[in-house]
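Working notes, beginning with the structure itself.
Taken together, the values in this text are just the output of simple stated rules run on the coordinates, not laboratory data. Treat the numbers as computed from the prediction; the structure is a model and nothing was measured. Glycine gets a Cβ as well: all are built from the backbone with ideal geometry, and neighbour counts include every protein chain shown.
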Amino acid sequence: MKMSFRWYGADDPVSLAYISQIPNMRSIVSAVYDVKPGGVWSEASIAWIKAECEKYGLIFDVVESIPVHEDIKLGRGRCEEYIENYKENIRRVAKAGVKCVCYNFMPVFDWTRTQLDKAAPDGSTSLVMYMDQLRGLDPLNDGLSLPGWDASYEKEEMKELFRAYGQLGEEGLWRSLEHFLKEIIPVTEACGVRMAIHPDDPPYPIFGLPRIITCEKNLDRMLAIVDSPANSLTLCTGSLGCAAFNDIPGLVRKYAAMDRIAFMHMRNVQLMEDGSFEERGHLSACGSLDMYEITKALVDNGFDGYVRPDHGRMIWGETGKPGYGLYDRALGAAYLNGLFEAVEKAKGAN
Ligand code: DNO
């Protein structure tokens, strides 16, 4: 396993110096943030990230994300041009040493929560999604904005996108994904990069928009489009795990054995009866997921990809990007390091 940490570049209040002090920290997960979806990243910007990481003994070898333009997902407009740009971005990051590219295929919105600072009884805050709050949200009229979302859409553009996705439907989105993968994967194979699709978060349709990277059947379908280790998963335990129909240790076991997990996002969530969920501390006892079983599923199946502690709570008075403070993610990394060491040693002793 290669331990990694997400870093948002020059504007990230969490410094590489601090990240490098976390035991066993190896890789930096980052991206070029000043180019719009569909554009080509400058080689200078990529080289800058690499050089900054190297100053602190860290390796920039994972990208999260190269965003997929809506025209690609909708199979319209400048789709082919944006796919060519995407290929060029892959060539450029590969030249700088990147081995894994995380991306998603969610229409319009990336991850969705109804509150970003829900206080727990211990005073920490975290991201939550409450179904009764969700029912009251109307993204077309509420002027909503969450850190995972592209805030650049005007209201009319958003309405048009909703209409277009309504017409496209799930099968249309599958066709777009198939076209994208068949174009992209031969390039990534040639460059030694593994594409790692991030599951939809939450893994079911929201606001009437189709979502397809949601469950075992659909993950199987996605992986079968191009049967290659270059077409792999970011297995995000918290995203898939906020739907009770997903058995996370089972999915990890299956896809690790197939060598189709390039990247693990590891965090815990507490699922509620009505489908609501709260992000919690990483420890198994803090939520619904058994992090030990997940780690064991990885180790037993020879997983050697990237792992990052995913969203942390805000603790110890820290302020910053919701989910992406230093302290709780560092605790998460330390906990995951401990789980891996214990499981690996126990396996060696068998
Ligand atoms: C949330 C992240 C996602 C992820 C994208 C990948 O914190 O895991 O925003 O980066 O879905 O494209």
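Give the percent of DSSP beta bridges with both residues in the chain that are antiparallel, rounded to the nearest 5.
25 percent
Of the residues Ala333, Ala119, Ala230, which exhibits the maximal mean-square fluctuation in a Gaussian network model of the chain defined by a 10 Å Cα contact cut-off?
Greatest mean-square fluctuation among the candidates belongs to Ala119.
Expected output is a single nm value to one decimal: the length gained when fully extending between Ala44 and Leu140, i.e. 0.36 nm times separation in residues minus the C-alpha distance. What is it?
30.8 nm
Below 29 Å, Cα to Cα, which lysines can Lys73 reach? Residues fewer than 8 away in the same chain don't count.
Lys36, Lys87, Lys95, Lys99, Lys155, Lys159, Lys182, Lys217, Lys254, Lys321
Mean-square fluctuation check for the chain, GNM, Cα pairs under 10 Å: which of Pro121, Pro205, Pro37 is largest?
Comparing Pro121, Pro205, Pro37 in the GNM, the peak value goes to Pro121.
Find, among the GluC sites (Glu not before Pro) in the stretch 254-350, those assigned to loop by DSSP (not H, G, I, E, B) with at most 15 other beta-carbon atoms within 10 angstrom.
Sites meeting the loop and neighbour criteria: Glu273.
Could you give the distance between the Cα centres of the stretch 307-349 and the stretch 48-124, to the whole Å?
Between the Cα centre of the stretch 307-349 and that of the stretch 48-124, the gap is 21 Å.
Rounded to the nearest 500, what is the chain's calculated 222 nm mean residue ellipticity when only DSSP H runs of at least 4 contribute -39500 (n - 2.57) each, over all residues?
-12500 deg cm²/dmol
Of all trypsin sites (Lys or Arg not before Pro) in the stretch 33-94, which ones are in loop regions per DSSP and have a Cβ with at most 13 other Cβ atoms within 10 Å?
On the way: sites: Lys50, Lys55, Lys73, Arg76, Arg78, Lys87, Arg91, Arg92; in loops: Arg76, Arg78.
Qualifying residues, ordered by number: Arg76, Arg78.
Would you look at the GNM of the chain, springs on alpha carbons closer than 10 Å, and say which of Met195, Met314, Met258 moves the most?
The residue that fluctuates most here is Met258.
Between the stretch 1-16 and the stretch 249-279, what is the separation of their alpha carbon centroids in Å?
22 Å
Please report Rg over Rh for the stretch 1-152, where both radii come from the alpha carbon positions and Rh follows the Kirkwood definition.
1.01
Summarise the long-distance tail of P(r) for the stretch 19-61 by giving the % of C-alpha pairs beyond 12 Å.
In whole percent, the long-distance tail amounts to 61.
For the stretch 2-349, take the convex hull of the Cα atoms, compute a quarter of its surface area, and give me that in nm², please.
16.6 nm²
Taking the DSSP beta bridges in the stretch 136-295 as the whole, what percent of them are antiparallel, to the nearest 5?
Numbers: 4 of 11 bridges.
Within the stretch 136-295, antiparallel bridges account for around 35 percent of the total.
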